[in-house]
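Structure first, then comments.
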Amino acid sequence: MTITNTELEQILNTKLNSSAINDYAPNGLQVEGKREIKKIITV
């Protein structure tokens, strides 16, 4: 299964309710790297 970085960014923005957070930077959440994501690793 793969997902694009823009799809992941949209999912994270929804789950984290990022629009409710007053961010000092205008660019908000960003997902960097290759366009196609095959693995997500968290710690």
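A few points about this structure:
- Hits in the stretch 17-32 - residues which are assigned to a loop (DSSP other than H, G, I, E, B) and either touching a Ser or Thr at 6+ places or on another chain (Cβ under 7 Å) or surrounded by 12 or more Cβ atoms within 10 Å (Cβ to Cβ) (or both): Gly28, Leu29, Val31
- Of the residues making up the stretch 33-43, those that are in a loop (DSSP other than H, G, I, E, B) and either surrounded by 10 or more Cβ atoms within 10 Å (Cβ to Cβ) or not β-branched (Val, Ile, Thr) (or both) number 5.
- Test result for Asn13, of a type in the set (S, T, N, Q) and more than 8 Å from the chain's Cα centre (by Cα): no
- Selection within the stretch 21-41: residues that are within 16 Å of Ile11 (Cα to Cα) and not hydrophobic (A, V, I, L, M, F, W, C). The member of this set that is nearest to the chain's Cα centre (by Cα) is Gln30.
- Residue match in the stretch 4-16 (condition: of a type in the set (Asp, Glu) and exposed (fewer than 12 other Cβ atoms within 10 Å of the Cβ)): no
- For the chain, the set of residues classified as at pLDDT below 85 and hydroxyl-bearing (Ser, Thr, Tyr) consists of Ser18, Ser19, Tyr24, Thr42, listed by residue number.
The values are calculated or read from the model by the stated rules, or taken from the named source; none is laboratory data. Keep in mind the model is a prediction, meaning the values are calculated, not measured. Neighbour counts are summed over all protein chains in view; Cβ atoms, including those assigned to glycine, are modelled from backbone coordinates with ideal geometry.
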